[in-house]
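A.B. asks: Attaching a single structure in structure tokens format; questions to follow.
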Amino acid sequence: MNSSVTSSSSIRTLLQRDQQSIWHPFTQAGMDQEPLVVTSAQGSRLVLADGRELIDGISSWWCNIHGHGHPALIEAATKQFSTLDHVLFAGCTHEPAITLAERVLAALPQGFAKVFFSDNGSTAIEVAIKLAVQYWANHGTRRNKIIALSDSYHGDTFGAMAAGARGVFSAPFDTMLFEVDRVSTRGDAADIQLFERLCSDGQVSAFIFEPSVQGAGGMVMYKTEVLDRYREICQRYQVIAIADEVMTGFGRTGPLFACSLLTTPPDIVCLSKALTGGSLPLSLTVTSERIAQAFVSPDHSRTFFHGHTYTANPIACAVANASLTLTLNDECSAARARIEAAHKRCAARLATYSAVENIRVRGTILAFDVKDSEQRGYTSSISRAAGAFFRARGVLLRPLGNVVYFMPPYCLTDSELNSVYCVLEEFADMISKRGISALM
């Protein structure tokens with residue numbers, strides 16, 4: 001790991017150059033802290049220009065599952081770069097993509113048949129929604145309605161944004177988004193009745209959901225049985241079920257894929273983030289044979305006219321293959337189980353603090369809510385203040401409003417886990433004794 005320290009004047013210059021020319025995502029100019037100048041990373045650690053190290057407690061937005069700079073991923077990228085860097089995927093193919101498609105199909109629950117490549121989670125969702133709508137168009141039927149879960153988030157492109165819950169993310173564009181009907185994750189009698197009524201009118205093309213855990217919606221964890229009830233109704237009315245596993249895939253919630261817990265697999269599953277171990281952009285939209293067959297025709301108008309320049313980039317595919325090998329080995333499975341057990345022990349300790357509530361664990365995700373009715377939602381000032389508190393103690397966490405969560409790379413050691421737990425308990429203790437104002 002690079003241990004060099006950049007001078008304070010050089011850091012200031014970098015930040016000034018950044019401010020003059022770069023627009024950062026999910027960042028409010030003049031309100032959010034200056035960006036961290038990261039010079040290197042290894043394993044679970046980010047090294048800053050001033051020499052400090054931070055534990056990457058959110059896996060760099062949930063994608064870096066094996067740790068930074070993993071030698072197997074570097075080797076795969078380097079080897080592939082020396083032979084084939086990129087080629088268009090319309091009318092061409094290559095071994096890394098073929099192998100990845102075969103291996104992902106083998107790892108998913110039975111019933112999936114075809115893999116469509118793109119380059120990030122939002123585009124994987126766009127592909128899924130377009131496939132669902134065109135599936136019916138290719139059958140000579142217009143089914144343009146979508147059902148989604150309340151509090152969902154599926155990305156920031158227009159189709160993905162429309163499928164997500166309306167809120168601060170979508171507000172400027174609400175009049176431009178297609179309408180989506182919503183049901184809750186409770187799955188009570190009223191929800192089931194509503195869902196069946198919506199599906200029964202013959203206008204619904206698809207039901208999209210994040211299985212097991214809703215990520216950006218606040219790490220909402222719910223029962224798989226709820227999805228089973230909705231899925232059964234989907235089958236009855238031939239509604240296409242789309243599982244958004246962009247965050248939950250590759251072991252994050254316990255099983256390799258959260259949709260494997262469903263009694264009947266979905267028709268389409270979307271994968272990204274951890275697909276390449278968090279190193280390169282790549283995503284997959286995987287479909288059942290039923291969906292794929294609707295596009296097989298001598299009629300060119302039934303073609304799926306969708307693609308991206310970097311679709312199935314060979315280097316990204318090679319790295320994804322290497323990452324999948326790591327994910328499927330026993331060592332990775334044991335690491336995930338170890339982290340989940342440690343999270344549960346920490347959750348029990350956090351339960352003793354009065355200022356936190358709704359403490360929850362699923363797989364390698366630990367989350368809790370800061371108890372303050374005045375400071376809820378994504379724009380809560382708790383998020384910025386708590387994030388600064390954690391960074392000052394050597395941990396990179398990015399709370400979702402008043403929801404604090406810890407989602408580490410699987411390589412985190414017991415010692416590193418305990419370091420983060422100590423910081424979380426220090427935080428819980430401080431706000432329990434002194435209130436939220438102590439953060440501000």
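The values are calculated or read from the model by the stated rules, or taken from the named source; none is laboratory data. Source: prediction; values computed, not measured. When we count neighbours, we look across all protein chains shown, and the Cβ atoms used for this are built from the backbone with ideal geometry, even at glycine. When the accessible area is computed, the model is the full protein with side chains, heavy atoms only, and any ligands, DNA or RNA have been set aside. Shrake-Rupley method; radii C 1.70, N 1.55, O 1.52, S 1.80 Å.
A.B. asks: On C-alpha positions alone, give me the angle between the axis of helix 330-350 and the longest principal axis of the chain, in degrees, nearest 10.
C.D. replies: So the helix axis and the longest Cα principal axis differ by about 60 degrees.
A.B. asks: With +1 assigned to the C-beta of every Lys and Arg and -1 to the C-beta of every Asp and Glu, and no other charges, what is the dipole magnitude of the chain about the Cα centre in debye, to the nearest 20?
C.D. replies: 320
A.B. asks: Please report how far the C-alpha centroid of the range 67-94 lies from that of the range 187-246, rounded to the nearest whole angstrom.
C.D. replies: Centre-to-centre (Cα) distance: 37 Å.
A.B. asks: Just checking my list (i) 35, 28, 21; (ii) 39, 25, 20; (iii) 32, 27, 26 against semi-axes √(5λ) of the Cα gyration tensor in Å computed from this structure; which label fits?
C.D. replies: (i)
A.B. asks: Of all accessible surface on the range 257-351 at a 1.4 Å probe, what whole percent is carbon and sulfur?
C.D. replies: 58
A.B. asks: In percent, how large is the relative contact order of the chain, given Cα pairs closer than 8 Å and 6 or more residues apart?
C.D. replies: 20
A.B. asks: With every protein chain kept in the model, how would you rank 427, 304 by accessible area, 1.4 Å probe, largest at the top? Spell out each step's value before the answer.
C.D. replies: Values: 427 0, 304 30 Å².
Per-residue accessible area, sorted high to low, gives 304, 427.
A.B. asks: Okay, moving on. Leaving out ligands and nucleic acids, note down the accessible area per residue over the range 216-337 with a 1.4 angstrom probe, in whole Å².
C.D. replies: Values: 4410 Å² over 122 residues.
It amounts to 36 Å² per residue over the range 216-337.
A.B. asks: Let me ask something additional. Projected onto the charge dipole of the chain (+1 at Lys/Arg Cβ, -1 at Asp/Glu Cβ, origin at the Cα centre), which of 276, 221, 62 gives the Cα projection farthest towards the positive end?
C.D. replies: The one lying farthest along the dipole's positive direction is 221.
A.B. asks: For residue 263, what accessible surface area do you get with a 1.4 Å probe? Give it in Å², rounded to 10.
C.D. replies: We get 110 Å² for residue 263.
A.B. asks: I've got another one for you. For the range 422-439 and the range 285-307, what is the centre-to-centre distance using only Cα atoms, to the nearest Å?
C.D. replies: Taking the Cα centre of each part, the range 422-439 and the range 285-307 sit 54 Å apart.
A.B. asks: If you line up the long axis of helix 224-236 against the longest principal axis of the chain, both from Cα atoms, how many degrees apart are they, to the nearest 10?
C.D. replies: Taking the Cα atoms of the chain, the angle to 224-236 is about 20 degrees.
A.B. asks: Using a cut-off of under 16 Å, list every residue of the range 137-157 whose amide N is near the label point 7 Å from the Cα of residue 293 along the Cα-to-beta-carbon line.
C.D. replies: Under 16 Å, as judged by backbone N against the label point of residue 293, lie 138-140 of the range 137-157.
A.B. asks: A further question follows. Output wanted: per-residue J couplings in Hz (rounded whole) for the range 392-404, from phi through Karplus 6.51 cos²θ - 1.76 cosθ + 1.60, θ = phi - 60°, x for Gly and Pro.
C.D. replies: With coefficients 6.51, -1.76 and 1.60, one gets 5, 10, x, 10, 8, 10, 10, x, 9, x, 8, 9, 9 Hz.
A.B. asks: I need the phi-derived Karplus couplings for the range 37-49: 6.51 cos²θ - 1.76 cosθ + 1.60, θ = phi - 60°, integer Hz, Gly and Pro marked x.
C.D. replies: Karplus values, whole Hz, x for Gly and Pro: 8, 9, 9, 6, 8, 8, x, 8, 10, 9, 9, 8, 4.
A.B. asks: Can you run phi through the Karplus equation (6.51, -1.76, 1.60; θ = phi - 60°) for the range 270-282 and list ³J(HN,Hα) in whole Hz, with x for Gly and Pro?
C.D. replies: Along the range 270-282, the couplings run 10, 10, 6, 6, 6, 3, 9, x, x, 10, 9, x, 6 Hz.
A.B. asks: Find the percent of Cα-Cα distances in the range 32-129 that exceed 17 Å, and round it to a whole number.
C.D. replies: When every Cα pair of the range 32-129 is considered, 70 percent fall beyond 17 Å.
A.B. asks: Leaving ligands, DNA and RNA out of it, rank 52, 384, 302 by accessible area with a 1.4 Å probe, largest first.
C.D. replies: 52, 384, 302
A.B. asks: Before rounding to the nearest 500, sum -39500 (n - 2.57) across all DSSP H runs of length at least 4 in the chain and divide by the residue total; then give [θ] at 222 nm in deg cm²/dmol.
C.D. replies: So the calculated ellipticity at 222 nm is -11500 deg cm²/dmol.
A.B. asks: How do the peptides 313-320, 80-87, 178-185, 147-154 rank, highest first, by the average count of neighbouring beta carbon atoms within 10 Å per residue?
C.D. replies: On the way: 313-320: 26.4, 80-87: 13.6, 178-185: 16.4, 147-154: 23.4.
Final packing ranking: 313-320, 147-154, 178-185, 80-87.
A.B. asks: Using Cα atoms only, what is the angle between the long axis of helix 8-21 and the major principal axis of the chain, expressed in degrees (0 to 90) to the nearest 10?
C.D. replies: So the inclination is approximately 30 degrees.
A.B. asks: Please list 410, 378 in order of solvent-accessible area, largest first, computed with a 1.4 Å probe with all protein chains present.
C.D. replies: Heavy-atom accessible area, descending, gives 378, 410.
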